[in-house]
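Please read the structure below before turning to the comments.
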Amino acid sequence: MVSPAPLSLDRVLRTAFSPADGGDPTSEAELPVHVIPQGGEPRWIVVGDPRDAAPVFRSWRPFKVGTRLRWSAVVGASLLGVLSRVPGVISTLGSIDLAYWQRSLPGFQDDWAPVIYIGNPSHTRKVTAFFVARGDHRLKAVAKVPLNAMSGSAILNEVAILEKLSGADYLPASLFQDPERGIAAQSWLEGKPVSRTLTPAHIELLARFALPGATIRVSAQRGTIARELDQADLPFDRDVLARAQEFLDYDEPLPAFIEHRDFAPWNLKRLPNGQTGAIDWEWAVTRGLPCQDIFRYFYIQDALFHGPDNAWQSLNSHPLVRQHYKRFTIPPEALPALAMYYQLRVLGMDWQSGNSFLAEYAFRQIESLLRLRSAKSVQA
C-alpha cells in the first residue's frame, strides 16, 4: 500500500512551475499566493489576485451540505478579492516561473492567471493548473502535472484517449503533451456541475461509449485480474478472493464499451447543448466490459456518502439502468460476473493507491456478491 508523505507548498509550486528547458533563469518571480489547505496539505493555490480564481471556484460543486456552505464562502470571498480573510486560508509569497507554460501552451497570453488544485492522495496523484484569462475571466486551458511516475502514465493515457476520441463533443480536446515529463494540457470543457441523481442524459452518454459491433468476454479478463491481485500485498482473505475470481469464468460474448472508469458526478458536466459530458479520463480504456461505469456511479457514491450500502439492489432496480441492459442485450446472468470484475479490479487499485477505506468497501461488496450466489444456490 502507498503511504505518501505530506505535500508542502514549496513542492507543489516547484512541480507546477518547473523551469522550462533552456529557459531564462530570471523568469522566476515572487508573487502573492493564497493557499486553501485540507488535511494539513495545500488543496487549492491561487496565484496573484484571488478574483481571477472565481470562475474556477464557481465550477466546483461539493456534494456534502456542510462543505457546500463553506465553499460558498470561499467563492464569495474570491469574487470580492478578500480570500485572505477566510478562516484557514494562508496568504504568503511563492516562487512562480511561467516560462514552461509560456513555451508549451498554445496561445498562452501574459494575462493568463494560474489556479492550482492538488488531487487526493493516490498512486496517480497530480497537480492540476487551471489557466484563467484576467480580461474576460474565461478558462483557457487545463494542465496536469504528475506528482509521481504512475500519475505521469495516467496523464499520458488521458492524452491518448482524448486524441483517439477527438471530435466527440462530450470530452475536452488535447492541447499538448510532454511525454518526458508526463505533463499534458487540454481545453476547458464548458458546462455546469450535475447532481448525484442518475438521469437520462447520463445514460445517453454511456450509450455513446458503446463500440458498434465489438464484443468482449469477462473470462478474457480473469488472467489480468489474477496477476494484479497476486502482485498486491493485500490483507484480505485469499480464499474469498479465489472464490470471487470464479465469477470471471463467465464466457458469453458481451457488447464492448469505452470505459471511463471514474464515471462519477464530480467528473460529469451538463453541457450547453443539454447533454452530459465527462472529464478526467486518466484511467479510461478504449475497449472494456459493459456496465462498469454504471457500477462506478452507484458504488462510489454508496461508499463515499456512507450508504445505505445497497448499491447492488439500487442500481439493478433503477429503471434507467434496466433500460440500458435491455438496449444493449446484457443478460441478467452476466451481471454478477460483471460486478465481480469491477469489485476485484477496484480492490487492487484502491489498495495500491493507499485508500484502505475504499479497498475495504470493495472487499465487503465482494463478500456480498458471494453471499447472494450462495443464497441462490440454496434456493435452487
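The values are calculated or read from the model by the stated rules, or taken from the named source; none is laboratory data. Note that the structure is predicted; figures quoted are calculated from it, not measured. Cβ sites come from the backbone with ideal geometry, for glycine too, and all protein chains shown count toward neighbours.
Pull up the stretch 47-74, narrow it to residues that are of a type in the set (A, V, I, L, M) and surrounded by 19 or more Cβ atoms within 10 Å (Cβ to Cβ), then point me to the one that is nearest to residue 142 (Cα to Cα).
56
Could you grab the pairs with beta carbons closer than 6 Å, sequence gap of 6+ or different chains, first residue in the stretch 64-82 and free of Cβ contacts under 8 Å to residues at least 24 places away in the same chain, second one part of a helix (DSSP H, G or I)?
Final answer for the pair search is 75/57; 75/58.
Taking the stretch 154-188 on its own, how many of its residues are part of a helix (DSSP H, G or I) and of a type in the set (Asp, Glu)?
Going through the stretch 154-188 one residue at a time, the tally reaches 2.
Would you mind stating whether residue 305 is under 17 Å from the mean Cα position of the chain (by Cα), more than 24 Å from residue 227 (Cβ to Cβ), outside the structural domain of residue 123 (by TED's automatic domain parsing) and not acidic (Asp, Glu)?
yes
Identify, from the list 110, 97, the residue that is over 19 Å from the mean Cα position of the chain (by Cα) and closer than 20 Å to residue 187 by Cα.
The conditions single out 110.
Going by the conditions given, is residue 342 farther than 21 Å from residue 218 by Cβ, touching a helix residue (DSSP H, G or I) at 6+ places or on another chain (Cβ under 7 Å) and among the aromatic types (Phe, Trp, Tyr)?
no
Given the options 56, 65, name the one that is modelled with pLDDT of 95 or more and either of a type outside the set (Ser, Thr, Tyr) or not assigned by TED's automatic domain parsing to the domain that holds residue 14 (or both).
56
Does residue 214 meet the test of being among the small types (Gly, Ala, Ser), surrounded by fewer than 19 Cβ atoms within 10 Å (Cβ to Cβ) and in a strand (DSSP E or B)?
Taking the combined requirement at face value, the residue satisfies it.
Somewhere in the stretch 346-363, is a residue in a helix (DSSP H, G or I), out of contact with any strand residue (DSSP E or B) (no Cβ under 9 Å at 6 or more places or on another chain), among the aliphatic types (A, V, I, L, M) and more than 17 Å from residue 263 (Cβ to Cβ)?
Yes: the stretch 346-363 contains one or more residues that are in a helix (DSSP H, G or I), out of contact with any strand residue (DSSP E or B) (no Cβ under 9 Å at 6 or more places or on another chain), among the aliphatic types (A, V, I, L, M) and more than 17 Å from residue 263 (Cβ to Cβ).
Please give the helices (runs of 4 or more DSSP H) falling wholly within the stretch 221-324 in which 2 or more residues are farther than 23 Å from residue 335 by Cβ, at pLDDT 95 or above and of a type outside the set (Val, Ile, Thr).
238-245
Residues are listed down the side, and each one gets a yes or a no for (1) touching a strand residue (DSSP E or B) at 6+ places or on another chain (Cβ under 9 Å); (2) within 18 Å of residue 169 (Cα to Cα); (3) surrounded by 19 or more Cβ atoms within 10 Å (Cβ to Cβ):
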position	(1), (2), (3)
231	no, no, no
244	no, no, yes
248	no, no, yes
253	yes, no, no
256	yes, no, yes
261	yes, no, yes
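Just to be sure, is residue 181 of a type in the set (Lys, Arg) and outside the structural domain of residue 335 (by TED's automatic domain parsing)?
Criteria met by residue 181.
How many residues does the stretch 322-352 hold that are surrounded by 16 or more Cβ atoms within 10 Å (Cβ to Cβ), farther than 18 Å from residue 241 by Cβ and among the hydroxyl-bearing types (Ser, Thr, Tyr)?
Residues in the stretch 322-352 being surrounded by 16 or more Cβ atoms within 10 Å (Cβ to Cβ), farther than 18 Å from residue 241 by Cβ and among the hydroxyl-bearing types (Ser, Thr, Tyr): 1 in total.
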